[in-house]
Amino acid sequence: MRIGRNAAVPLHEIVIRASRSSGPGGQHANVTDSRIEAVFDVAASSTLSDEQKSRLIARLGPRVVAVAQDARGQARNRELALERLRRRLAGALVVQQPRRATRPTKATTQRRLEAKRRQSERKRDRRRPGDGD
């Protein structure tokens, strides 16, 4: 399963468990194991680098779990759980760009000061006559 440009997790490293789904479904839901839980043990992975493992553990923890019980069938829920797991792993592996400090533009500063001036005048106009004037 591909989780990024330079990362992939083989399906044999993902544990898939089936259990009974909650919610509506009548008699069918009471007898089928349609809820799927996909569990990925980050520390035990042999395909991820140490840097990728440490990033995943820091952001998601040592075990990443994705659950699906939306669909009625087990096969569709398996697809949904694997896709959710893939999205979570891919999102956690993204390296954030460091923020570069910028200065506010001249126009922004002028707008802010003008707004402060208007607010000050508005509050000054609400005062009782003779209070400090």
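Laboratory data are not the source of any read-out in this text; all were calculated from the coordinates shown. Keep in mind it's a predicted model, so treat the numbers as computed, not measured. Cβ coordinates were reconstructed from backbone atoms using ideal geometry, including for glycine residues, and neighbour counts include every protein chain displayed.
How much of the calculated P(r) for the range 1-109 lies past 16 Å, in percent of all Cα pairs? Within the range 1-109, distances greater than 16 Å cover 64 percent of Cα pairs. Lys/Arg Cβ at +1, Asp/Glu Cβ at -1, dipole of the range 11-93 taken about the Cα centre: which of Ala92, Ile57, Leu11 is farthest positive-ward? It is Ala92. Counting pairs of alpha carbon atoms under 8 Å apart in space and at least six apart in sequence, what relative contact order in percent does the range 11-93 give? Averaging sequence separation for qualifying contacts and normalising by length gives 30 percent for the range 11-93. Roughly how far apart, in whole Å, are the Cα centres of the range 92-133 and the range 61-76? The two parts, judged by their Cα centres, are 47 Å apart.
Bridging of Lys123 to aspartates and glutamates at a Cα separation below 19 Å is possible for Glu114, Asp131, Asp133, once same-chain residues fewer than 8 apart are set aside.
With runs of 4+ DSSP H residues as the only contributors, calculate the mean residue ellipticity of the chain at 222 nm using -39,500 (n - 2.57) per run, divided by the residue total and rounded to the nearest 500.
Details: 4 runs with 57 residues, N = 133.
Estimated from H runs of four or more residues: -14000 deg cm²/dmol.
Extending 7 Å from Cα along the Cβ direction at Arg87 and again at Arg5 yields two label points whose distance is 2.2 nm. Picking from Gln74, Gln96, Gln110, which is most flexible by a Gaussian network model of the chain using Cα springs under 10 Å? Largest GNM mean-square fluctuation: Gln110. Restricting the trypsin sites (Lys or Arg not before Pro) of the range 78-133 to loop positions (DSSP other than H, G, I, E, B) with no more than 12 neighbouring Cβ atoms within 10 Å leaves Arg99, Arg100, Arg127. Segment Ala58..Lys123, full-extension length gain: 18.5 nm, with 0.36 nm per residue of separation and the alpha-carbon distance subtracted.
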